[in-house]
Amino acid sequence: LWNLYGPTETNVCTAFRVPEDLPEDRDAPLPIGEVCPPLRARGVDESGIDVEPGATGELVIAGPGVMRGYFALPDLTRAAFFHDERGESWYRTGDLVHDPGNGNFVFHGRRDRMVKKRGYRIELGEVESALDSHGEVQRSAVIARQDDEAGLILSAFVALKPDGKKSVIAMKRHCTTKLPPYMIPDTITFLPALPMTSTDKVDYQRLKQLA
């Protein structure tokens, strides 16, 4: 079994072979793996500079297999790529990763899903992972919305398994074992199922309307 990663713009660009002796009680996400030759990968900061070893940065990809650009969309193409000091073109995946030191990148969520609350940076995907680890949760989604009085509010939407019990208190108590206080959702709404797009992804725009 392999865990393959890659946006449409790069095709599959990293891969991780899942160990046969993987513990059954493991709840940590699997790495997205090492870069697939002859592609090259780096983790960079907002300026395109390599982050320190072990630090989280945006995954950028270069080499054969990476698209040349978006057809008839030059502005979008310029925003998606940057050139290093040698003039090489790197595609910005928008995904945050870190390399623990063995070359196997670990995924931390989308750059555009990073928000700041009371001075703390929050990756909404990490809040979703905490909710998803609850035994009664089928799937969850979290959005951030601005409130004139309360500031940034984290709103969670949860679809339970058939035998799941709707308890906001229990869900928040579970989050306290996985997250620091500032990452615990302010509101939790239970839905029969999360709204999905035509490509089977969570429809976050619809959730923002519901919120």
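Using a 1.4 Å probe on the protein chains only, how many percent of the accessible area of the chain belongs to carbon and sulfur?
Result for the chain: 51 percent of the exposed heavy-atom area is carbon or sulfur.
Given the peptides 4-17, 127-140, arrange them by the average over their residues of other C-beta atoms within 10 Å, most packed first.
On the way: 4-17: 17.1, 127-140: 18.6.
The packing order, highest mean first, is 127-140, 4-17.
Can you list the HN-Hα couplings for region 166-180, worked out from phi with the Karplus curve (6.51, -1.76, 1.60; θ = phi - 60°), rounded to whole Hz and with x for Gly and Pro?
7, 9, 5, 4, 5, 5, 5, 4, 5, 4, 5, 7, 10, 10, x
Counting only residues 5 or more places away or on other chains, whose amide H sits under 5 Å from the amide H of THR14 once H atoms are built in the peptide plane?
TYR5, CYS36
Using modelled amide H (1.01 Å from N, peptide plane; none on Pro or chain starts), what sits under 5 Å from the amide H of GLY94, excluding residues fewer than 5 places away?
Under 5 Å from the amide H of GLY94 lie the amide H atoms of LEU59, each far enough along the sequence or on another chain.
If we sort 145-156, 31-42 on the protection proxy, mean other Cβ atoms within 10 Å, highest first, what's the order?
Output ranking for 145-156, 31-42: 31-42, 145-156.
Counting only other residues whose beta carbon sits under 15 Å from that of ASP84, what net charge do I get with K and R as +1, D and E as -1? Please report the intermediate quantities before stating the final value.
Numbers: positive: ARG40, ARG42, ARG86, ARG92; negative: ASP45, GLU46, ASP50, GLU58, GLU85, GLU88.
After counting each charged neighbour, the total is -2.
Which shape class applies to region 32-75: rounded if a/c is under 1.5, otherwise prolate when a/b exceeds b/c and oblate if not, where a ≥ b ≥ c are the square roots of the Cα gyration tensor eigenvalues? All intermediate terms of the calculation are to be shown ahead of the outcome.
Numbers: a/c = 3.04, a/b = 1.41, b/c = 2.15.
Here region 32-75 falls in the oblate category.
Please give the length that would be gained between LEU152 and THR77 if that part of the chain were fully extended, namely 0.36 nm times their separation in residues minus their C-alpha to C-alpha distance (nm, one decimal).
Computed gain between LEU152 and THR77 is 23.8 nm.
If every alpha-carbon in region 144-211 counts as one equal scatterer, what log10 I(q)/I(0) does Debye give at q = 0.11, 0.12, 0.27, 0.28 1/Å?
Rounded to two decimals, the profile gives -0.31, -0.37, -1.25, -1.26.
With an 8 Å cut-off on Cα pairs and a minimum separation of 6 or more residues, tell me the relative contact order of the chain in percent.
After rounding, I find 13 percent.
Using θ = phi - 60° and the Karplus curve 6.51 cos²θ - 1.76 cosθ + 1.60, what whole-Hz ³J(HN,Hα) does each residue of region 10-19 get, with Gly and Pro shown as x?
10, 6, 5, 10, 9, 8, 10, 7, 6, x
Taking N as the number of residues in the chain, what value does Rg over Cα atoms divided by 2.2 N^0.38 Å take?
Numbers: Rg = 18.8 Å, N = 211, 2.2 N^0.38 = 16.8 Å.
Taking N as the residue count of the chain, the ratio is 1.12.
Once amide H atoms are built 1.01 Å from N in the peptide plane, which residues 5 or more positions from ARG139, or in another chain, come under 5 Å H to H?
For ARG139, whose amide H was placed from the backbone, the distant partners under 5 Å are ALA159.
Straight-line reach from LYS201: which lysines have a Cα under 19 Å away, not including same-chain ones fewer than 8 places off?
Here the lysines satisfying the reach criterion relative to LYS201 are LYS161.
The values are calculated or read from the model by the stated rules, or taken from the named source; none is laboratory data. Keep in mind that this is a model prediction, so the values were computed, not measured. Virtual Cβ from ideal backbone geometry, glycine too; neighbours counted across all protein chains shown. Protein only, heavy atoms only, side chains kept; ligands, DNA and RNA dropped before computing areas. Shrake-Rupley method; radii C 1.70, N 1.55, O 1.52, S 1.80 Å.
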